[in-house]
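To start, the structure itself, in structure tokens.
The values are calculated or read from the model by the stated rules, or taken from the named source; none is laboratory data. Bear in mind the structure is a predicted one, so any value in this text is a computation, not a measurement. Cβ: placed from backbone, ideal geometry, glycine included. Neighbour counts: every protein chain shown. With ligands, DNA and RNA removed, areas are computed over all heavy atoms of the protein, side chains included. Shrake-Rupley method; radii C 1.70, N 1.55, O 1.52, S 1.80 Å.
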Amino acid sequence: MAGGMTYTAIDSTSLQTAEIYGQALVELGRAHPEVVALTADLAKSTKIGDFMKEFPDRFFNVGIAEQNLFGIAAGMARAGLVPFLSTFSQFASLRAADQLSTDLCYQNVNAKVIATHSGTSFGQAGSTHHAITDLAVTRAMPNLTVICPADGMETYNAVMAAYNTFGPFYIRINRGFDNTLYKGTDYGFEVGKAVTVREGTDLTIIACGSCVFQANQAADFLEKADGLKIRVLDMHTIKPIDKEAITKAVMDTRRIITVEDHNVLGGLGSAVAEVVVESGKGCAFKKLGIQDKFAPIGLHEDIMNVLGIDANGIINAVREVMKADFELDDDWDDEV
Amino acid sequence: MALSKAEWLRLEKKADELRNLTLDTTYWAGSGHIGGGLSVLDIMTVLYHKYMHIKVEDPQWADRDRFILSKGHAGIAYAPVLCDLGFNDKELLKTFNLSGSTMGMHLDSNKVVGVDASTGSLGHGMSIAVGTALAARLLKKDYKTFVVLGDGECDEGSNWEAAMSAAHYKLTNMISFVDRNKCMIDGRTEDVMRLEPFCAKWEAFGFIVKEIDGNNISELCEAIDFAYANDTDKPVMIVCNTLKGCGIDFIEDNYLWHYGAFDDEKYEKAKESLKKTYAMRVARAEKEGE
């Protein structure tokens, strides 16, 4: 990794995910004078205050004006700077959607959006501050790379990869602390390539963001309790999606469950479904996420429980899919 | 400092060529945003042919002055400016708006050489200009950023976010214009959504405002010279009172000509009108120039 910062699981239990982003940004700022940081009155909330302290001339707080935030970043990128702009996911993907699409994506500029408070992670703030459509919106924007890291370690890797890859990026991270999935940053992160968190042959859970940790816990439990071998894929890159890993999961396990802290319409589940259908192969398929409704108010972990996207919900869904005897259908002659 | 008569006449000649080329492009394209194209053309003529530091042979020259046409629908007049300069082949204008062309009605900066920002969706240009102006300061470059808004475009709230930031950051390396032709698609600006007191709004947002006749080359140069000489920490906004369809008498100041088409008969009539306009412009320069 550029800069040589090595994070460990210990860091991520003491640092919020956004704080790891904030430190990664400082590291990039030290190494690259063209890196600038922008926000819209959310310097504290998005944890880019360290960059502001160290590089006050390269930090821009444009006030509560997200459209202007994105336009300014596009202009800066066009002039040779590498802007990292941070605001809440809901505002980055909707309030400034036209600027994100036109100024960043259409112009294909080298600007990086680090969208915080994604999904229902700002649970108590309610639906005005939940981002449940941002993956659907952003993955439909050409030229944009869309990443939803599983934890702080992966956020660090995604931010570094964004700097090292020309073009617009949208990285959605959570508010607050995330459960730590990875022990460090050195596990072979690559944009567009899913990480196989655990191998399995009975069923594949494809998850992103904080749901990957939950999926792994569920798989662990199901192995002990039900003797199931479940593959867990961390599909951190929503676009370009790892078609190879999905197709392989279809062929190897014939059962796929997707899990996301996002509406089941248009996000990870939809992206995976597109690949599954185009594979032309039969596969039992279930999408876990927010079932096209506004989420309740509460602590993130409680909301995840209510939505059925925590380990409990995933366990129930796996058992349901495993019970289905679709393989006995007369039409089913494609089992490998 | 007054514009010399020779310089004025040189710019009028160029403006006349570009008005004709804009009409031709509209004719070739079958239709186009001729009204707002002709109202803003004098601003672009003066900037590209008197003030801007650019290199046609090096379009991405890092030190070039930037021009951002926030009212991107005036691409039908902007494309002729860029082709005439040599950034793109003039023959391309004959493909404007046609299927498969690199030139659509809102110019794509990744396809049309010389375009600094892809505009079209209104209310974006000034924010981008603030970005390039801030970047100049950070990168210690002397280039200037010019941005032109439409007046109807100023209904978009995002412009005022950008205006606030231009003043907040004291961006005196950015010179802004509004093409105040007082027309928009559905009617007169004051009837659709009142803008007045327009200059006072910009002043309240922290700009030094010059209000001029934006179809008078001499007044344009005087206002831009004023902006160059600005030694305050406030950015300059030049509110240009213009005529929609400027130069073609039967479409002038008529919002119905926001977007229009010329058949052969209208095209010939328009050409005649442009000739008269040029003669009047030359007479004015001869009389008032020094």
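Sorted by accessible area (1.4 Å probe), largest first, how do A:Asp57, A:Asp186, A:Asp151, B:Asp155 line up?
Ranked list, largest accessible area first: A:Asp186, A:Asp57, B:Asp155, A:Asp151.
Given Cα pairs under 8 Å that are at least 6 residues apart, what percent is the relative contact order of chain B?
Values: 576 pairs, mean separation 71.3, N = 290.
Reported as a whole number, the value is 25 percent.
Quote the total accessible area buried by chains A and B together, excluding ligands, DNA and RNA, probe 1.4 Å, nearest 100 Å². Don't skip to the answer; put the middle values down first.
Numbers: alone 13520 and 12230 Å², together 23760 Å².
Chains A and B together bury roughly 2000 Å² of accessible area.
With both bridge residues required to lie in chain A, what share of the DSSP beta bridges run antiparallel, to the nearest 5%?
Details: 8 of 43 bridges.
Once the DSSP bridges in chain A are tallied, antiparallel ones form about 20 percent.
If you line up the long axis of helix A:311-323 against the longest principal axis of chain A, both from Cα atoms, how many degrees apart are they, to the nearest 10?
Around 30 degrees separate the two axes.
Rounded, prolate or oblate: which one fits the stretch A:161-282, using the alpha carbon gyration tensor with axes a ≥ b ≥ c (rounded when a/c is under 1.5, else prolate when a/b beats b/c, else oblate)?
In terms of gyration-tensor shape, oblate.
Using only Cα atoms, figure out Rg for chain B and give it as a multiple of 2.2 N^0.38 Å.
0.94
Longest span of chain B, sites excluded, free of trypsin sites (Lys or Arg not before Pro) in DSSP loop with at most 15 other C-beta atoms within 10 Å?
The longest uninterrupted stretch comes out as B:195-290.
Going through the stretch A:159-258, which chymotrypsin sites (Phe, Trp or Tyr not before Pro) have at most 13 other Cβ atoms within 10 Å and a DSSP loop state?
Passing both the DSSP loop test and the Cβ count: A:Phe166.
From Cα pairs below 8 angstrom and at least 6 apart in sequence, can you work out the relative contact order of chain A, rounded to a whole percent?
16 percent.
Quick check: the distance between the Cα centres of the stretch B:205-220 and the stretch A:54-81, to the nearest angstrom?
About 28 Å separates the Cα centre of the stretch B:205-220 from the one of the stretch A:54-81.
Please list, in order along the stretch A:86-98, the HN-Hα scalar couplings obtained from phi with the Karplus expression 6.51 cos²θ - 1.76 cosθ + 1.60 (θ = phi - 60°), rounded to whole Hz, x for Gly and Pro.
10, 7, 5, 4, 4, 7, 5, 8, 10, 4, 10, 4, 5
What are the chymotrypsin sites (Phe, Trp or Tyr not before Pro) within the stretch B:161-206 that DSSP puts in a loop, where the Cβ has at most 12 other Cβ atoms within 10 Å?
The qualifying sites: there are none.
How tilted is helix A:17-31 with respect to the longest principal axis of chain A? Cα atoms for both, answer in degrees (0 to 90, nearest 10).
Helix A:17-31 and the main axis of chain A meet at about 50 degrees.
Once every DSSP H run of n ≥ 4 in chain A is given -39500 (n - 2.57) and the sum is divided by its residues, what mean residue ellipticity at 222 nm do you get, rounded to the nearest 500 deg cm²/dmol?
The helix-only estimate for chain A comes to -10500 deg cm²/dmol at 222 nm.
Let me know the longest stretch in chain A that avoids all GluC sites (Glu not before Pro) found in a DSSP loop with at most 15 other C-beta atoms within 10 Å. Don't skip to the answer; put the middle values down first.
Values: sites that count: A:Glu199, A:Glu335.
The answer is A:1-198.
Take the alpha carbon atoms of the stretch B:65-120, find their center, do the same for the stretch B:221-283, and report the distance between the two centers in whole angstrom.
For the stretch B:65-120 versus the stretch B:221-283, the Cα centre distance is 19 Å.
Which net charge results for the neighbourhood of A:Gln124, defined as the other residues with beta-carbon distances under 14 angstrom from its beta-carbon, given Lys and Arg at +1 and Asp and Glu at -1?
-1
Near B:Lys234, which lysines are there with a Cα under 21 Å away, not counting those fewer than 8 places off in the same chain?
B:Lys140, B:Lys141, B:Lys144, B:Lys170, B:Lys201, B:Lys210
Considering the convex hull of the alpha carbon atoms of the stretch B:1-111, report its projected area averaged over all viewing directions, in nm², one decimal.
That works out to 7.4 nm², a quarter of the Cα hull's surface.
Using the Cα atoms of the protein assembly as shown, I'd like the radius of gyration and the largest Cα-Cα distance, Dmax, both in angstrom.
Gyration radius and largest Cα-Cα distance of the protein assembly as shown: 28.2, 97 Å.
Averaged across B:137-149, how many Cβ atoms of other chains sit within 10 Å of each residue's Cβ atom?
Taking all residues of B:137-149 together, the mean is 2.
Per residue, how large is the accessible surface of the protein assembly as shown? Use a 1.4 angstrom probe and give square angstrom.
It amounts to 38 Å² per residue over the protein assembly as shown.
Please enumerate, by chain and number, the lysines with C-alpha under 29 Å from the C-alpha of B:Lys269, excluding those fewer than 8 residues away in the same chain.
Once the sequence-local lysines are set aside, what remains near B:Lys269 is B:Lys13, B:Lys14, B:Lys71, B:Lys90, B:Lys94, B:Lys182, B:Lys244, B:Lys287.
If you line up the long axis of helix A:243-253 against the longest principal axis of chain A, both from Cα atoms, how many degrees apart are they, to the nearest 10?
20
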